[in-house]
Amino acid sequence: MSDLIDHPAEGENAPEFSVSELSGAIKRVIEGEFGHVRVKGEIGRVSRPRSGHVYLDLKDDRSVLSGVIWKGVSARLSVQPEEGMEVVATGRLTTFAGQSRYQIVIEDIKPAGMGALMAMLEKRRKALAAEGLFDVARKAPLPYLPEVIGVVTSPSGAVIRDILHRLRERFPRRVLIWPVAVQGERCAPEVARAIEGFNAFTPGGALPRPDLIIVARGGGSVEDLWGFNEEAVVRAAAASAIPLISAVGHETDTTLIDHASDKRAPTPTAAAELAVPVRMDLLAWFDNQEARLTHALTSGVTARGQRLRDLARSLRRPETVLEAPRQRLDTWSERLPAALIRSVQARRVMLSDAAGVLRPGLLRRALETDRGRLANVAARLNRRAIERDLEQKSRDLDGLATRLSDAGHRQTRAWRDRIEAMDRLRETLGYKATLRRGYAVVRGDGAVMTTRKAAKKAIALEIEFADGRLGVGGGSRAARAAPQSGAKTPPEQGNLF
């Protein structure tokens, strides 16, 4: 500093400095003595102007130290400074001549111990919860069987392998991977962009829009998982229109994305289990439902058939209905002439008895009167008229029998139509209709084969088509001969990397 000191004029013993010279000298002294320091303190005022730099105060119970974090450094920080947070700042001391003050240029900043980190986490959790980002009403139900699953994780870790392996075991699905950093300063912005990017996909586009998103990472310390506590990640998860599962860390690890996601999984493997059901369980359930449906349909048809037979037995035949009236008509037809004869004879006897006590004149007049009345009765009892009346009644009876027979035929035809409709429904719901659409049923050793493994173990196979059954050789030989037949192996999911 001696080169900056002017020699005092004669008669004066104190040198003179310019303001800039003195400020520069102080700046060199401070930067030389405190080139690299670590300062522990509580963050006071925090200012973020449009330039992107961060200005703050570090304070304790007696002093305040101004600090600045340049824009490039601020973007790389794993923990952003917040007011009231106790931190350890690493940097260098310098001066700001424009305001005659000194300050620390911060190159790194970390919370001062686990307690400060957890206090900041709790404060952030309460603030986000107050905005309603963690409300249960915001959470969407997971799709039962998603077609496409988007996974946000590191492409090189064991997490993605565990997820793909578990999906392949339970129910293979299409998987889209968005590679991100899962710790460090790049973690939070990349994870937030990945969630927003999946939501921005157009349905039916070149890349299919996922039906479900899984954000996954393995276990680690609080600092390693801190990227999933950042506000940008939490807001992106809460705003996701696609249902989201968070699987960050192990079961005991909890991050803020767990509160904002639609479902939290204790591990990445558990997230894959939550995403899809077990395929074999679904097949077993469908087989059970098919058996129940077939049993219900068969029982219904059997019960209705029995009911129809019972009703048919209780319905009288038309011949039986007409037998008694016809018999009564024949009986009356046979009895009527004899009854007429007996009636005439009885009247003749009565007339003879009366003639014995009557005088000839009176008898003659009475006889004439009786003859006239008898003639009237005989005219009324004309046999032809009786026969015509009987014929008319017989025609009426035949008409009634015809109407009754037609009614019985119509009722029987309606029941037959209902039975035929139910039989057509049974045929439609049965597996025979499925065979006519191009499917086939494979049987081996008397049982239906549902898996390739079971078919390989069978001694002989029989394939049932819509037009009949076809026997083939043993299961193992058929399985070995299958690749030579030109059939293509079903595609599996290729290498993702």
Of (1) of a type in the set (A, V, I, L, M, F, W, C); (2) surrounded by fewer than 23 Cβ atoms within 10 Å (Cβ to Cβ); (3) within 22 Å of PRO81 (Cα to Cα), LEU207 satisfies all except one. Which? (3)
Could we say that ALA247 is at pLDDT 85 or above and part of a helix (DSSP H, G or I) here? no
Taking region 190-215, which residues are of a type in the set (Asp, Glu) and not in a helix (DSSP H, G or I)? ASP211
Which of the residues spanning region 34-53 are among the β-branched types (Val, Ile, Thr) and touching a residue at least 40 places away in the same chain (Cβ under 8 Å)? VAL37, VAL39, ILE43
Within the bounds of region 79-86, is there any residue that is in a strand (DSSP E or B) and closer than 27 Å to GLY24 by Cβ? no
Can you find, within region 152-184, the residue that is modelled with the highest pLDDT among those that are in contact with a Ser or Thr (Cβ under 9 Å, 6 or more places away or on another chain), surrounded by fewer than 17 Cβ atoms within 10 Å (Cβ to Cβ) and not in a helix (DSSP H, G or I)? PRO179
Return yes or no: is GLU169 without any contact (Cβ under 8 Å) to a residue 24 or more places away in the chain, over 17 Å from ARG235 (Cα atoms) and among the acidic types (Asp, Glu)? yes
Filtering region 237-276 down to residues that are of a type in the set (Gly, Ala, Ser) and buried (at least 24 other Cβ atoms within 10 Å of the Cβ), which residue is nearest to ASP211 (Cα to Cα)? ALA275
So THR95 clears everything in (1) among the polar types (S, T, N, Q); (2) in a loop (DSSP other than H, G, I, E, B); (3) over 29 Å from ILE257 (Cα atoms) except one condition, right? Which one? (2)
Output the residues belonging to region 216-244 that are within 20 Å of PRO155 (Cα to Cα), in contact with a strand residue (DSSP E or B) (Cβ under 8 Å, 6 or more places away or on another chain) and not in a helix (DSSP H, G or I). ALA216, ARG217, LEU225, LEU244
For residues in region 101-130 being of a type in the set (Val, Ile, Thr) and buried (at least 18 other Cβ atoms within 10 Å of the Cβ), which is nearest to the chain's Cα centre (by Cα)? ILE109
With the requirement that a residue be closer than 19 Å to SER74 by Cβ and in contact with a Ser or Thr (Cβ under 7 Å, 6 or more places away or on another chain), what does region 185-215 give you? GLU185
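Conditions tested, residue by residue: (1) at pLDDT 80 or above; (2) surrounded by 13 or more Cβ atoms within 10 Å (Cβ to Cβ); (3) under 24 Å from GLY184 (Cα atoms).
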{"site": "ARG62", "(1), (2), (3)": "yes, no, no"}
{"site": "LEU65", "(1), (2), (3)": "yes, yes, no"}
{"site": "ILE69", "(1), (2), (3)": "yes, yes, yes"}
{"site": "THR90", "(1), (2), (3)": "yes, yes, yes"}
{"site": "THR94", "(1), (2), (3)": "yes, yes, no"}
{"site": "GLN99", "(1), (2), (3)": "no, no, no"}
{"site": "LYS139", "(1), (2), (3)": "yes, yes, no"}
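The values are calculated or read from the model by the stated rules, or taken from the named source; none is laboratory data. In this text the structure is predicted, and so the values were computed from the model without any measurement. Note that we place each Cβ from the backbone using ideal geometry, even for glycine, and neighbour counts take in every protein chain shown.
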